[in-house]
Ligand SMILES: [Fe+2]
Ligand SMILES: [Fe+2]
């Protein structure tokens with residue numbers, strides 16, 4: 001395989017990864033970044049595997065028209081070449097406050113891992129499948145995620161850091177999820193990814209002085225990719241009404257919505273300096289991202305979470321405090337550490353159940369889920 005071109009121009013995930021690998025010299029300190037990316041906790045991005053045969057058997061005929069349009073749009077590849085530095089790129093790592101730098105690097109590593117997690121799953125589906133509709137979609141999505149991960153690695157490389165993508169593929173633990181859980185979780189992570197990137201982008205459009213790193217300038221096209229990926233999962237769910245209409249699946253959807261939202265809340269609140277530098281109130285940001293994601297998810301989910309309910313925010317905050325307690329207890333170790341960790345876990349569990357049992361808001365799902373990015 002030739003890999004001289006930059007990952008931004010790669011037509012497949014494999015090409016993009018090879019191009020990234022070719023850029024990394026021995027001077028890069030990849031251990032720290034890869035170590036962070038290797039972590040598997042409730043809060044860190046995971047790698048997934050699934051029943052690929054079951055996914056390969058999906059028949060997209062019920063959504064054929066919307067499907068063909070979406071795939072044509074992705075094949076047209078409007079963002080080819082976008083995920084590459086230009087003259088506009090001026091990163092000032094030296095001038096960055098060290099504590100902010102640490103949080104920002106953590107943000108980049110975790111984003112890179114999340115992007116790459118999508119790439120690995122999609123690439124594998126493409127490799128294992130024989131259903132052309134499905135393999136075409138997954139190959140296109142894997143291409144996009146590899147470009148995204150590659151671009152973040154470009155940014156990290158300037159700080160002397162890289163995430164070793166090849167190593168991660170081979171060594172990171174994979175979590176098995178049944179296909180329907182992959183749909184719920186991945187659909188949500190694509191749409192929440194869109195909402196996160198566009199909210200930051202719009203905020204910085206209004207406050208350009210807060211743009212402390214050039215990568216945020218790339219977020220608009222970036223989130224449009226994520227938006228299309230989310231559309232694909234919405235269509236996949238539409239092929240089988242049971243997935244969103246049966247009683248037990250509705251419970252699962254509620255569980256995934258609650259888990260994805262609360263994980264984001266807890267993780268973001270652990271990066272105070274990053275949000276302060278952006279001039280973003282992290283609590284406002286969280287609620288705003290939930291609001292956008294909920295609005296979008298009405299395209300396919302028969303209800304949304306009540307994020308204005310009186311039990312909502314206090315319990316997200318409880319989970320956040322509990323997670324700080326758990327982290328401290330882990331670091332402390334010993335019997336006292338263990339007791340504190342267990343009580344922390346119990347507190348987090350109670351708060352999660354309290355949020356999970358908030359009555360949801362019903363929604364009439366439209367016949368065709370198709371949406372365009374509107375924020
Ligand atoms: Fe992505
Ligand atoms: Fe994506």
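Just a few scattered comments:
- Test set (1) surrounded by fewer than 22 Cβ atoms within 10 Å (Cβ to Cβ); (2) in a loop (DSSP other than H, G, I, E, B); (3) in contact with a helix residue (DSSP H, G or I) (Cβ under 6 Å, 6 or more places away or on another chain) - residue 92 fails condition number: (3)
- Boolean, residue 72 is touching a residue at least 60 places away in the same chain (Cβ under 8 Å), assigned to a helix (DSSP H, G or I), surrounded by fewer than 14 Cβ atoms within 10 Å (Cβ to Cβ) and more than 15 Å from ligand 1 (Cβ to nearest atom): no
- Against the numbered list (1) away from ligand 2 (no atom under 16 Å from the Cβ); (2) at pLDDT 95 or above, residue 194 comes up short only at (1).
- Cβ separations smaller than 7 Å between residues 6+ apart or across chains give no pair from region 307-318 residues that are closer than 14 Å to residue 269 by Cβ to residues that are surrounded by 15 or more Cβ atoms within 10 Å (Cβ to Cβ) and at pLDDT below 95.
- Residue count for region 114-136 satisfying the condition of being farther than 14 Å from residue 52 by Cα, in contact (Cβ under 8 Å) with a residue 40 or more places away in the chain and within 13 Å of ligand 2 (Cβ to nearest atom): 5.
- Only one entry in 278, 235 is touching a helix residue (DSSP H, G or I) at 6+ places or on another chain (Cβ under 8 Å), under 22 Å from residue 156 (Cβ atoms) and at pLDDT 95 or above, namely 278.
- Within region 96-113, being part of a helix (DSSP H, G or I) and within 18 Å of residue 157 (Cβ to Cβ) holds for 101, 102, 104, 105, 106, 107, 108, 109, 110, 111, 112, 113.
- Just one of the listed residues (231, 221) is buried (at least 19 other Cβ atoms within 10 Å of the Cβ), part of a helix (DSSP H, G or I) and within 16 Å of ligand 1 (Cβ to nearest atom), namely 231.
- Within region 234-256, the set of residues being loosely packed, with under 15 Cβ neighbours inside 10 Å and either in a helix (DSSP H, G or I) or within 16 Å of ligand 2 (Cβ to nearest atom) (or both) comprises 242, 245, 247, 248, 251, 255.
- Options 139, 170: the member that is in a helix (DSSP H, G or I), more than 30 Å from residue 304 (Cα to Cα) and modelled with pLDDT of 95 or more: 139
- Filter result for the condition that a residue is over 16 Å from the mean Cα position of the chain (by Cα), more than 16 Å from ligand 1 (Cβ to nearest atom) and surrounded by 22 or more Cβ atoms within 10 Å (Cβ to Cβ), over 211, 162, 178: 162
- Put simply, of 171, 139 the only residue that is surrounded by fewer than 19 Cβ atoms within 10 Å (Cβ to Cβ) and either within 26 Å of residue 56 (Cα to Cα) or within 12 Å of ligand 1 (Cβ to nearest atom) (or both) is 171.
The values are calculated or read from the model by the stated rules, or taken from the named source; none is laboratory data. Please read these numbers as outputs of a predicted model, since none were measured by experiment. Glycine gets a Cβ as well: all are built from the backbone with ideal geometry, and neighbour counts include every protein chain shown.
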